[in-house]
Amino acid sequence: QMSTKNLEKNLMAFLQEESKESGKVLTTNDLPTLAPPDIYYYLEKEDECKNPSVRRRQHRFFAGVDVNQMDRLNEQLQLALLAYADSMQEIQTTLQKDFDCELAYCDMESTPGRPSHFIAVNKNSIEKQESALSFFSSDASTLEVIMVVRGTKTITDIITDLLMDEEEYKGGYCHNGILESGQYLAEKHTKLFRNLLRASGKKKIKLTLIGHSLGAGAATIAGMELNELPEMDVQVIGFGCPALLSKELSQQTESFVTTVVADNDCIPRMSSATMLNAILDIAGFDWTPYAKQDIKEAVNEVSSYFPTLLKDYKQTILDTVSSQPLRDIPANIPTKRVEPVLYPPGKCVHLYRDGFGISGNVVPSDALCQTRHQGSGE
């Protein structure tokens with residue numbers, strides 16, 4: 001319901017703008033309704049556009065991702081997945097066995113605005129030994145700490161996801177449900193981090209925040225808050241982070257936030273604006289050629305199994321289908337599209353199938369939310 005209200009708000013703002021330009025009053029009744037064939041054939045058309053050669057061309061001028069960075073991302077992904085464990089004992093044992101880390105805090109429960117998470121300290125940064133994790137520093141004056149935030153697992157997490165309104169934040173805008181979660185994490189643990197630093201005798205904390213989905217968004221906001229503390233050196237790694245920050249704010253975090261996007265994952269691209277754009281794109285797509293081809297193939301298939309059944313009617317059916325328009329495109333579909341307000345944070349590592357295997361490139365966050373619709377040339 002909360003998500004629907006936000007979409008309705010964007011719809012009304014969009015219709016008001018369209019009304020000014022067209023000179024007539026438009027309401028939500030002017031928006032097209034979607035039938036199952038509209039969605040089915042639009043998705044089929046989109047799949048045709050996403051062939052490997054197009055993907056390679058789209059990424060041609062973006063920097064690649066090297067093997068060492070992929071190794072680090074794989075380690076961090078394992079930690080993100082560990083946050084979904086069903087018991088604190090499992091988290092503690094895995095941290096000690098596989099990552100040489102000691103659990104310092106763990107909250108397995110989540111409520112709206114308060115996500116499940118854990119904090120661990122790299123034992124080797126205290127003992128001045130080589131770390132088992134490649135993304136940890138070898139600096140003897142630095143205490144290595146990780147905070148891992150769980151993504152959507154329970155109904156209460158879904159409530160946070162659906163609080164999609166854009167809220168003003170640091171001169172830009174932010175997903176307000178996730179904003180509350182991230183600020184909660186930063187406020188709750190600032191004192192703990194300072195106590196850990198004082199007890200270790202180190203000069204600074206290198207804090208790596210990791211999360212998946214909702215957890216990636218909350219980790220990003222917490223990182224933005226904690227990065228303002230002089231004793232903190234913050235890095236954030238998010239996997240499948242939702243559209244979270246306005247464009248300028250996202251660009252300001254590129255030095256310490258990395259968002260990993262897996263191929264066609266819709267979550268980093270999804271906001272009320274992109275959902276409205278999708279509705280308009282689907283409604284304006286003429287799927288007649290696709291449907292006529294399907295009908296022709298179906299008639300031929302039936303005829304091959306039951307030659308006498310359609311003997312006298314086959315050609316009539318095909319001629320009728322060929323001459324009839326099957327899709328009635330609404331005349332009042334706007335040609336403009338809504339500019340998204342929220343984007344994935346920081347620099348984005350886009351992993352995609354390139355026809356030979358999996359490739360990765362570092363792309364701008366707004367490249368993932370670009371719209372393409374009929375007649376746009378995009």
Go through (1) β-branched (Val, Ile, Thr); (2) within 26 Å of Leu196 (Cβ to Cβ); (3) open to solvent by 10 Å² or more (accessible area, probe 1.4 Å); (4) at pLDDT 65 or above for Ile119 and report which single condition fails.
(3)
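Any chance the stretch 211-219 includes a residue that's open to solvent by 60 Å² or more (accessible area, probe 1.4 Å), touching a strand residue (DSSP E or B) at 6+ places or on another chain (Cβ under 6 Å) and not in a loop (DSSP other than H, G, I, E, B)?
We begin by selecting, within the stretch 211-219, every residue open to solvent by 60 Å² or more (accessible area, probe 1.4 Å); these are 212.
Checking the rest, the ones that are also touching a strand residue (DSSP E or B) at 6+ places or on another chain (Cβ under 6 Å) come to 212.
Keeping just the survivors that are not in a loop (DSSP other than H, G, I, E, B) gives 212.
Within the stretch 211-219 (the criterion being open to solvent by 60 Å² or more (accessible area, probe 1.4 Å), touching a strand residue (DSSP E or B) at 6+ places or on another chain (Cβ under 6 Å) and not in a loop (DSSP other than H, G, I, E, B)), the answer is yes, since at least one residue qualifies.
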Is there a residue in the stretch 304-323 that is open to solvent by 40 Å² or more (accessible area, probe 1.4 Å), among the aliphatic types (A, V, I, L, M) and either within 26 Å of Cys49 (Cα to Cα) or touching a Pro at 6+ places or on another chain (Cβ under 8 Å) (or both)?
no
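Could you grab me the full set of residues in the stretch 172-195 that are within 17 Å of Lys206 (Cα to Cα) and either free of Cβ contacts under 8 Å to residues at least 12 places away in the same chain or open to solvent by 40 Å² or more (accessible area, probe 1.4 Å) (or both)? It would help to see each step written out before you state the result.
Residues of the stretch 172-195 that are within 17 Å of Lys206 (Cα to Cα), as a first pass: 185-186, 189-195.
Lys191, Leu192, Arg194, Asn195, listed by residue number.
At least 3 residues that are within 14 Å of the chain's Cα centre (by Cα) and closer than 29 Å to Gly360 by Cα in each: list the helices (runs of 4 or more DSSP H) lying fully within the stretch 233-347 that qualify.
Values: elements: 247-252, 272-283, 288-305, 314-323.
Output list reads 272-283.
Confirm whether Gln78 is without any contact (Cβ under 8 Å) to a residue 60 or more places away in the chain, under 20 Å from Leu209 (Cβ atoms) and open to solvent by 90 Å² or more (accessible area, probe 1.4 Å).
Numbers: without any contact (Cβ under 8 Å) to a residue 60 or more places away in the chain: yes; under 20 Å from Leu209 (Cβ atoms): yes; open to solvent by 90 Å² or more (accessible area, probe 1.4 Å): yes.
Judged against the criteria, Gln78 is a match.
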Of the residues in the stretch 196-207 that are open to solvent by 10 Å² or more (accessible area, probe 1.4 Å) and outside any helix (DSSP H, G or I), the one that is nearest to Val121 (Cα to Cα) is Lys206
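The values are calculated or read from the model by the stated rules, or taken from the named source; none is laboratory data. Please read all numbers here as calculations on a predicted model, not as lab measurements. Note that we place each Cβ from the backbone using ideal geometry, even for glycine, and neighbour counts take in every protein chain shown. The protein model used for the area step is the full one, side chains on, heavy atoms only, and it has no ligands, DNA or RNA in it. Shrake-Rupley method; radii C 1.70, N 1.55, O 1.52, S 1.80 Å.
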